[in-house]
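Read-outs throughout are calculated quantities, based only on the coordinates presented, and are distinct from any laboratory measurement. Everything numeric here is computed off the predicted structure, so don't read it as measured data. Note that we place each Cβ from the backbone using ideal geometry, even for glycine, and neighbour counts take in every protein chain shown.
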Amino acid sequence: MTATDFNELVVLHSDFLKPYAISLTRDSENAKDLFQETIFKALLNREKYHFGTNLKAWLHTIMRNIFINGYRRNKKYNYSDNLPAAEAHLYGKGNALQNNGISRLQVAEIEAAINDLPHVFRIAFELHYTGYKYQEIADLLKEPLGTVKSRIHFARKLLMAKLER
């Protein structure tokens, strides 16, 4: 089967996809996008179609899979830009003011815990926290690499013990 023959078959059998796309999306614009993407994927993957099998079922499966993948993607990232203004506050999409008091207290508590660390642990931890690599810290402090890793590890354990609630 040539590419032209396959393209003609897809176009001939694509009419049933439009109502199915509308039934899936319940929106005419999204249905048009779904229809276009289905036809595109079908034409792109024509070598995967086996001549003689049910082309309508193949196209139907492609459309269903595209819709399901899109649904999962939207659910994962929680897109809520198309929500009415009355529902936007439910998803944090409003002009509400944020109260940063609690986060400021937590940051101050963490900074105080870091400052209370013994000097050898605090220096290694702060350098690591600011982005230095273990080897760079070892070179700066003129200490063996294992010692630096150990100090950072113990600093983390001490901080977790102090900040544990």
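Observations
- Phi to ³J(HN,Hα) by Karplus 6.51 cos²θ - 1.76 cosθ + 1.60 over region 66-72, Hz, x for Gly, Pro: 4, 5, 5, 5, x, 4, 5
- Summed residue charge, Cβ within 12 Å of LYS157's Cβ, Lys/Arg positive, Asp/Glu negative: +2
- Residue exposure proxy: HIS153, HIS119, HIS13, ordered by other Cβ atoms within 10 angstrom of their Cβ from fewest to most, comes out as HIS119, HIS153, HIS13.
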